[in-house]
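The values are calculated or read from the model by the stated rules, or taken from the named source; none is laboratory data. The structure presented is a predicted model; accordingly, all values stated were derived computationally and were not measured. Every residue, glycine among them, receives a Cβ derived from its backbone with ideal geometry; neighbour counts consider all protein chains shown.
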Amino acid sequence: MSVFQARREKLATLLRDGGYDVAFLQTPVSLGYFLDFAEDAHERFMTCGINADGEYHLICPALSENQARRAGVENISAWRDGEDPLALFKELAEKWNLRRAIALVDDHLPAKMLLEMQDALPAALYKPAGPVLAGVMRSKDALEQERMHKAGAIVDECYKRLQRELREGWTEVQIRHFLEDGMRSQGGTPLFCAVAIDAAAAEPHHVVNNTPVKHGSLVLVDFGCTYEGYCSDITRCFAFGKVNPEHAEAYKLVYAAHVAGRDFLANRGDQSVSGADVDAAARKVITDAGFGEYFNHRLGHGIGTQVHEHPYISSDNKDPLLPGDCFSIEPGVYLADKYGIRIENLYVLTESGVTSFNEGPDPELIVVGG
């Protein structure tokens, strides 16, 4: 049995256990994970149905059929431009008796496609597939973890190169290009790269611009890549030329919160802990120091074939974390118009503790260049 068939069988078991009839998958991530066929059909209709018996069937544009067959997909109905793909969807529904199905659909399914599916099967009940797919995808096996370690090593090396080569006057845009080029040169595919200097670091989703690095600047970089389909994601902060004492103290606080979350997991013993428990352990450090209002997001997110996936390390996730779960720990404090500090690192939960996918963050705010 191939790894992809095993994944479909596991999904079928979860469908049966949850009382669902079928899952309709459409995103490149889902198709790649369950079929080894990670193609984006863009505006054209494409879906793979996997039913509770473990059967699968791909409906795709004819221009994608050959790629799908080369990937090992055998059960295919292809349609040409000008033909109605929903006729094939209805045909599959008749074959699998899905008129009144309880069907799961990808969380990121385009609304247009969902409306077409609802119109084709108006008596079916559609629900988001995310929580069920997470039951298959969240626990990473040894090969998946190996790829994530490699993706982590790529961004670690890029960060080291940036520390060595950064010069005064480089802009946020130039730093982004430097990191993206570095990820590509090592075999990674850049996913994202955020760079924020000084007050911009107080904006967790800052849009990169042409602000230059100056002597005394605080620099935040948040970037990641994929390696053979698996993601990395780190955030690091450093000073250029000299350290502002206020920044240094805030950094120590955020680092202490990061360590509190990590060590809470490492020292859990045989106790079951949830994402909410870990979030609370780290958040308490920042709250007790009087900076709670400046930590305005969850502690972390799951990561794997997607940069954000289950399990979420947040106050509303009460589900137990499981060995093989991979996630970020990324506390931060953000003082609008002044500065922001975030420290993000990736970990995998093991039977006995946690293992980092990256070289650990510095315990104090370092100085780069001068």
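For the stretch 56-75, what are the residues that are within 21 Å of D21 (Cβ to Cβ) and surrounded by 15 or more Cβ atoms within 10 Å (Cβ to Cβ)? Write out each step before concluding.
The first filter runs over the stretch 56-75 and keeps only residues within 21 Å of D21 (Cβ to Cβ), leaving 56-59, 75.
Passing the criteria: Y56, H57, L58, I59.
Inspect the stretch 293-300 for any residue being of a type outside the set (A, V, I, L, M, F, W, C), surrounded by 21 or more Cβ atoms within 10 Å (Cβ to Cβ) and either within 18 Å of the chain's Cα centre (by Cα) or more than 20 Å from Y339 (Cβ to Cβ) (or both) and give the result as yes or no. Within the stretch 293-300, one or more residues are of a type outside the set (A, V, I, L, M, F, W, C), surrounded by 21 or more Cβ atoms within 10 Å (Cβ to Cβ) and either within 18 Å of the chain's Cα centre (by Cα) or more than 20 Å from Y339 (Cβ to Cβ) (or both). Answer yes if at least one residue in the stretch 180-201 is assigned to a loop (DSSP other than H, G, I, E, B) and either in contact with a Lys or Arg (Cβ under 7 Å, 6 or more places away or on another chain) or among the aliphatic types (A, V, I, L, M) (or both), and no otherwise. No, the stretch 180-201 contains no residue that is assigned to a loop (DSSP other than H, G, I, E, B) and either in contact with a Lys or Arg (Cβ under 7 Å, 6 or more places away or on another chain) or among the aliphatic types (A, V, I, L, M) (or both). When G19 is tested against the conditions (1) more than 17 Å from Y126 (Cα to Cα); (2) loosely packed, with under 13 Cβ neighbours inside 10 Å, the lone failure is (1). Summed over the stretch 266-285, residues that are under 20 Å from N358 (Cβ atoms), modelled with pLDDT under 95 and not small (G, A, S) total 0.
The condition (being touching a Cys at 6+ places or on another chain (Cβ under 6 Å) and under 20 Å from L125 (Cβ atoms)) is satisfied by just one residue among L25, L58: L25. The single condition among (1) surrounded by fewer than 15 Cβ atoms within 10 Å (Cβ to Cβ); (2) at pLDDT 95 or above that H108 does not meet is (2). Looking at H205, is it closer than 21 Å to G340 by Cβ, of a type outside the set (S, T, Y) and free of Cβ contacts under 8 Å to residues at least 40 places away in the same chain? Yes, satisfied.
Please indicate, with yes or no, whether at least one residue in the stretch 274-281 is touching a residue at least 24 places away in the same chain (Cβ under 8 Å), buried (at least 21 other Cβ atoms within 10 Å of the Cβ) and either out of contact with any helix residue (DSSP H, G or I) (no Cβ under 8 Å at 6 or more places or on another chain) or more than 25 Å from E309 (Cα to Cα) (or both). Yes, some residue in the stretch 274-281 is touching a residue at least 24 places away in the same chain (Cβ under 8 Å), buried (at least 21 other Cβ atoms within 10 Å of the Cβ) and either out of contact with any helix residue (DSSP H, G or I) (no Cβ under 8 Å at 6 or more places or on another chain) or more than 25 Å from E309 (Cα to Cα) (or both).
From the list F24, F45, exactly one residue is hydrophobic (A, V, I, L, M, F, W, C) and touching a helix residue (DSSP H, G or I) at 6+ places or on another chain (Cβ under 6 Å). Which is it? Steps first, please.
Numbers: F24 fails: touching a helix residue (DSSP H, G or I) at 6+ places or on another chain (Cβ under 6 Å).
Every option except F45 fails the conditions.
Quick check: anything in the stretch 318-327 surrounded by fewer than 23 Cβ atoms within 10 Å (Cβ to Cβ) and more than 18 Å from A266 (Cβ to Cβ)? Within the stretch 318-327, one or more residues are surrounded by fewer than 23 Cβ atoms within 10 Å (Cβ to Cβ) and more than 18 Å from A266 (Cβ to Cβ).
Among the residues of the stretch 248-265, those identified as over 22 Å from the mean Cα position of the chain (by Cα) and farther than 15 Å from Y334 by Cα are A256, A260, D263, F264.
Condition first: charged (D, E, K, R) and in a helix (DSSP H, G or I). Now tell me which residues in the stretch 155-172 satisfy that. Hits for the stretch 155-172 are D156, E157, K160, R161, R164, E165, E172.
Being touching a His at 6+ places or on another chain (Cβ under 7 Å), among the β-branched types (V, I, T) and either surrounded by 23 or more Cβ atoms within 10 Å (Cβ to Cβ) or farther than 23 Å from G229 by Cα (or both) is the requirement here; does I343 meet it? For I343, the condition - touching a His at 6+ places or on another chain (Cβ under 7 Å), among the β-branched types (V, I, T) and either surrounded by 23 or more Cβ atoms within 10 Å (Cβ to Cβ) or farther than 23 Å from G229 by Cα (or both) - is met.
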